[in-house]
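Here is the structure we will look at, set down as structure tokens.
The values are calculated or read from the model by the stated rules, or taken from the named source; none is laboratory data. Nothing here was measured: the structure is a model prediction, and the numbers come from that model. Methodologically, a virtual Cβ is constructed for each residue, glycine included, from the backbone with ideal geometry; neighbour enumeration extends over all protein chains shown. All accessible areas refer to the heavy atoms of the entire protein, side chains included, with ligands and DNA or RNA removed. Shrake-Rupley method; radii C 1.70, N 1.55, O 1.52, S 1.80 Å.
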Amino acid sequence: MSVCCRSKALAVLGAGLLSFQLMAGELPLPPELESSPYPNVPVTELASATGLVSLYHQINYQLSDVESSSELPAIYVENLPKDLNALPTDEKSQTFIRLLLPTIVAVNNEILAARKTLIGIIDKSQDQWTEDEKAWMAKMVKDYGVKANNYDELLLQVDVIPVGMALAQAIDESGWGTSHFAVAGNNLYGEHLPSGGGKFLTTPGGHVKVAAFDSLFEGTASYIHNVNRTKAYRQLWLLRKKLRAKHELTGYELVGGLIHYSTRGQAYVDNLRALIKHHNLDSFDNAKVEDSSPEVIRFGR
């Protein structure tokens with residue numbers, strides 16, 4: 001990639017990058033490697049979905065306002081309530097989107113921070129790399145399964161998933177946050193246990209192991225990393241690069257690269273596009289989390 005093209009790539013990254021654990025002078029970790037992803041603030045415990053709805057009413061957090069202002073409150077929901085299904089249908093869908101939006105934006109912001117750093121390092125001659133930069137690049141190459149020195153391939157993979165696409169997949173795979181695996185294991189995206197192992201839940205009969213995560217942030221970061229690392233999605237990476245260059249990167253367009261995500265194939269893609277269109281999910285692609293007064297919500301078990 002030329003310096004000119006990389007400079008253009010930097011320009012579209014935007015401002016407001018968020019990394020809760022980043023200290024001055026440190027190189028940003030991609031979100032799947034974060035050990036403490038949430039702000040260091042006291043956790044607010046809630047007992048039910050109605051408690052979260054009340055909180056959103058108190059601060060006037062409405063999706064229509066996010067669509068018009070692109071501003072999100074810094075309220076991060078760590079896990080799902082058990083009783084989302086008890087809410088009226090429209091309120092359930094509005095609540096699920098509101099609780100997940102800041103997490104998706106936060107994960108994407110950390111990917112953008114890593115991508116911006118990656119571009120900056122690639123633009124320099126390798127003999128100018130610091131020892132920290134060399135170690136960071138080695139970690140990224142390993143994390144994304146890229147051959148050594150194939151940095152253009154790495155840049156192809158280290159990129160965001162549009163908010164509308166992530167929301168649509170979470171809605172489809174988790175049944176609006178009501179599935180057993182979503183509630184018990186923070187698995188909103190239907191991820192099976194990876195070959196490397198980890199925490200898991202089992203399907204009835206124990207025939208399939210489904211990945212489990214400590215938080216919605218961890219589950220979302222793992223899902224995006226899975227899409228960005230798995231070679232079966234190479235056509236999605238190439239489509240994303242093409243759409244980004246044309247300033248047309250949206251969830252509606254990029255889900256076309258998910259033919260291999262589900263055994264449902266094209267029907268799966270069509271359903272995601274219907275969700276994105278019906279719920280106007282691409283309207284949140286430019287949402288930014290406010291920096292002030294962060295809060296972390298946890299539902300008791």
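Quick look at the values:
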| quantity | calculated |
| --- | --- |
| Cα gyration tensor shape for region 233-274, rounded if a/c is under 1.5, else prolate or oblate | oblate |
| Peptides 239-247, 106-114, 208-216 ordered by average Cβ neighbours within 10 Å, highest first | 106-114, 208-216, 239-247 |
| Segments 199-205, 138-144 sorted - mean Cβ within 10 Å per residue, highest first | 138-144, 199-205 |
| Accessible solvent surface per residue of region 67-147, calculated while the other protein chains remain in place, 1.4 angstrom probe, Å² | 40 |
| Residue-averaged 222 nm ellipticity for the chain, from DSSP H runs of 4+ at -39500 (n - 2.57), nearest 500 | -14500 deg cm²/dmol |
| Convex hull per residue volume in Å³, alpha carbons only, for the chain | 138 |
| Spatial separation of Cα centroids for region 30-96 and region 262-284, in angstrom | 22 |
| Helix runs (DSSP H) in the chain reaching 27 Å along axis by Cα, Kyte-Doolittle at least 0.0 | 89-122 |
| Mean accessible surface per residue for region 229-301, computed with a 1.4 Å probe while every protein chain stays in place, in Å² | 57 |
| Debye equation applied to the C-alpha atoms of region 47-185, log10 I(q)/I(0) at 0.11, 0.12, 0.17 Å⁻¹ | -0.56, -0.63, -0.92 |
| Relative contact order [Cα under 8 Å, 6+ residues apart], the chain, whole percent | 29 |
| Accessible area in square angstrom per residue, region 163-218, 1.4 angstrom probe | 40 |
| Equivalent ellipsoid semi-axes, region 75-127, via Cα gyration tensor eigenvalues times 5, rooted, Å | 40, 9, 6 |
| By average C-beta atoms within 10 angstrom, highest first, the peptides 275-281, 160-166, 220-226 | 160-166, 220-226, 275-281 |
| Alpha carbon convex hull of region 89-157, volume per residue in cubic angstrom | 102 |
| Cα-based Rg of region 142-206 normalised by 2.2 N^0.38 Å, two decimals | 1.44 |
| If the convex hull is drawn through the Cα atoms of region 176-216, its volume per residue in Å³ | 65 |
| Over region 201-301: Rg over Rh, Cα atoms, Kirkwood Rh | 1.02 |
| Share of carbon and sulfur in the accessible heavy-atom surface of the chain [1.4 Å probe, %] | 51 |
| Distant-in-sequence amide H partners of K288 (H built 1.01 Å from N, under 5 Å) | E71, L72 |
